[in-house]
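Here is the structure we will look at, set down as structure tokens.
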Amino acid sequence: MKTEEKTFKRSPTFTPVVRFFHWVRAFSIFFLIFSGFYIAYPFFAPEPNGEPTNFLYALFRSWHIMVGFLLISVSIFRLYLFLVSGRNKNERMSASDLFNKDIWIGQIKNYLFLGPHPHIKGVYNPIQFCSYFLLAILVLIISLTGIVLYYNVYHNGLGAFLQSAFKWFEVALGGLANVRKLHHITTWAIMIFIPIHVYMVVWNAIKHPDGGADSIIGGFRYQET
Ligand code: HEM
């Protein structure tokens, strides 16, 4: 294979904490989908025995709740970083491209193989920005519905506090059955997002190698000079 020599400009794209949170959220979402489907339909069960040790369902449930609260806490901190962190200014700058119609058209053409990548101010193009915003809304919905499901089982301590803070959401949805249904439907919406997200990342990494999928691992983007 022929070796070429090229020079690249290295620009910082994602800070270490943002990268860490991305992977914590990714793994917790995968785990929550798996354990959530188990809660909805326990598709395997331990061999029955006489000992009181076969609480697999309870185990799945408690892990689901713990990882659920992990997702909530990391997402709140991630939102804080997006809104106020000086080192994540490039993310906030992406919002200004949302109002630039030329960038929208340029990006659609680029996705359709009809033109080059438009020059964007921040790290996300407008279509990407909207899809991540939609994911944030889905995480908000699944978190609120998860909290309602949680406090309806655990009535003391944190459960009591969450009930007083989020009862309005349960009432607004018309009761617990609808909350459960929405939690389940949102799971499917997130499951539709994941393959599209992975496909787009791989597509971008192949079409624009300097954009790179590895920026969410290494933190840098390499642009040819
Ligand atoms: C990506 C995130 C999440 C996914 C994919 C997910 C998925 C699911 C699914 C599919 C179910 C079963 C619903 C059914 O019965 O049909 C479930 C139940 C539940 N989830 Fe989640 N969930 C997520 C986040 C959360 C969060 C953040 C919490 C809050 C702590 C939470 C708490 C619960 C609780 C308490 C139940 C009900 C357990 C029971 O019925 O005893 N979930 N989840």
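Values quoted throughout were computed directly from the atomic coordinates according to the rules given, and no laboratory measurement underlies them. Keep in mind that this is a model prediction, so the values were computed, not measured. Neighbour counts are summed over all protein chains in view; Cβ atoms, including those assigned to glycine, are modelled from backbone coordinates with ideal geometry.
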Between T15 and H117, what is the label-to-label distance in nm when each label sits 7 Å out along the Cα-to-Cβ direction? 2.3
State, in angstrom, two size descriptors of the chain derived from its alpha carbons: Rg to one decimal place and Dmax to the nearest whole number. 21.4, 70
Largest-first semi-axes in Å of the equivalent ellipsoid built from the Cα gyration tensor of region 76-158 are 36, 16, 7
P(r) tail fraction, region 147-197 - alpha-carbon pairs more than 18 Å apart, %: 41
Give me the three principal axis extents of region 134-175 from the C-alpha atoms, as integers in angstrom, largest value leading. 33, 20, 15
Got a sec? Charge dipole of the chain, +1 on Cβ for Lys and Arg, -1 for Asp and Glu; which of A136, P48, L182 is way out at the positive end? A136
Hey, what do the phi angles of region 160-169 turn into as Karplus ³J(HN,Hα) couplings, whole Hz, using 6.51/-1.76/1.60 and θ = phi - 60°, x for Gly and Pro? 5, 5, 5, 4, 5, 7, 10, 4, 4, 5
Around Y154, which amide H atoms from residues at least 5 apart in sequence, or from another chain, sit under 5 Å from its own amide H, with H modelled in the peptide plane? none
So how do E170, E51 line up by other beta-carbon neighbours within 10 Å, fewest first? E51, E170
Any idea how far the Cα center of region 48-72 sits from the one of region 92-162, in Å? 31
Count the net charge of all other residues whose Cβ sits under 14 Å from the Cβ of S96, scoring Lys and Arg as +1 and Asp and Glu as -1. +1
For R221, what residues show an amide H to amide H distance below 5 Å, using hydrogens built from the backbone and excluding near sequence neighbours? S11, T13
Unit charges on C-beta of K, R, D, E only; dipole of the chain, Debye: 540
Which percent of Cα-Cα pairs in region 22-136 sits in each 10 Å bin, short to long? 12, 28, 22, 19, 12, 6, 2
Karplus couplings for region 103-115 from phi (6.51 cos²θ - 1.76 cosθ + 1.60, θ = phi - 60°), rounded to Hz, Gly and Pro as x? 5, 4, 5, x, 5, 4, 4, 4, 5, 8, 6, 10, x
So how do 36-44, 130-138 stack up, highest first, on mean other-Cβ count within 10 Å? 130-138, 36-44
I want to make sure I understand the PRE zone here: with the label point 7 angstrom from the Cα of W168 toward its beta carbon, which residues in region 125-144 have backbone N atoms less than 18 Å away? 140-144
Where Cα atoms sit under 17 Å apart: lysine pairs in the chain separated by 8 or more or lying on different chains: 6
Whole-angstrom Cα spans of region 99-225 along principal axes, big to small: 60, 30, 25
Farthest toward the dipole's positive end in the chain, which of N88, I206, G36, given Cβ charges of +1 (Lys, Arg) and -1 (Asp, Glu) about the Cα centre? N88
Averaged across orientations, what area in nm² does the convex hull of the alpha carbons in region 1-74 project? 10.1
Per-residue HN-Hα couplings for region 78-89 [Karplus 6.51, -1.76, 1.60; θ = phi - 60°; Hz; x = Gly/Pro]: 5, 5, 4, 4, 4, 7, 10, 5, x, 6, 10, 4
Given Cβ point charges of +1 (Lys, Arg) and -1 (Asp, Glu) and nothing else, what value in debye, to the nearest 20, does the dipole of region 19-145 about its Cα centre take? 580
Contour minus Cα-Cα distance for V84 and I216 (0.36 nm per residue): 45.5 nm
Sequence-separation-based contact order of the chain, relative, with Cα cut under 8 Å and 6+ spacing, percent: 26
